Amino acid sequence: MRLPAAAALAAILAGCGGSHPAPSPTAAPPPLEAHLKEFVLQMKAMDLQVENLQADLGAKKSEPELKARLSRIRKAAEAAAAIPCRDVEAENRDVRHHFDVFLSDLARLEGASWAGEDGAANWRLLGKSCMPCHAAYRPE
Ligand code: HEC
């Protein structure tokens, strides 16, 4: 029997999910779900760099090494900002606005001194800069 083209394509797409079996053998994940998954991956990357930065501060790493962490956070934030993770375009615009605010806070931290005590103070500011968007958008 010949599958209709759309069903065949859906079956092929469903087979691309790696080790996780798709919930339905014929349905590809809706784009929003895929976007959210990618968005969460970027968030996890940011979180890991914030944690690693704290460890680097504890280990008294050099300022260029500390700032390399900030660059990685910027890359992940820019990638996340490019993902339309809401189904309402006005909300996507609002999230992007939060990212603009975050990226300008981050730019300030990238330009600041991270030497000695400054590093710990800036690390706290970095953590705070994640919060306004989470307060508005992160589910409980
Ligand atoms: C412009 C908005 C925005 C900014 C800025 C932001 N986040 Fe998020 N973050 C979100 C949203 C929205 C979610 C929830 C995603 C979802 O629907 O599960 C989230 C979720 C997360 C999660 C949970 C991921 C999971 O496992 O489900 C972590 C961890 C996280 N963010 C870390 C950070 C860190 C660290 C920063 C700052 C360096 C940051 N975020 C800045 C919007 C933002």
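Quick notes
- Placing pseudo-labels 7 Å out from each Cα toward the beta carbon at Glu51 and Val101 gives an inter-label distance of 2.7 nm.
- The label-point distance for Ala27 and Arg93, in a model that sets each label 7 Å from Cα toward Cβ, rounds to 3.1 nm.
- At an R0 of 22 angstrom, the distance between the Cβ atoms of Leu125 and Val40 translates into a FRET efficiency of 0.35.
- Kirkwood Rh (inverse of mean 1/r, distinct Cα pairs), the stretch 30-137, angstrom: 14.4
- Length-normalised contact order of the stretch 30-137 in % [C-alpha pairs under 8 Å, at least 6 apart]: 31
- Percentage, to the nearest whole number, of Cα pairs in the stretch 32-72 over 12 Å apart: 60
- Sequence of Leu53, Leu109, Leu126, Leu41 once ranked by neighbouring C-beta atoms within 10 Å, starting from the fewest: Leu41, Leu109, Leu126, Leu53
- Each peptide in 96-102, 55-61 gets a packing score, the mean of other Cβ atoms within 10 Å over its residues, and the list from highest to lowest is 96-102, 55-61.
Only the coordinates and a few stated rules stand behind these numbers; no lab work does. A quick note: this is a predicted structure, and the numbers were derived from the prediction, not measured. Using ideal geometry, Cβ is built from the backbone for each residue, glycine included, and neighbour counts are taken over all protein chains shown.
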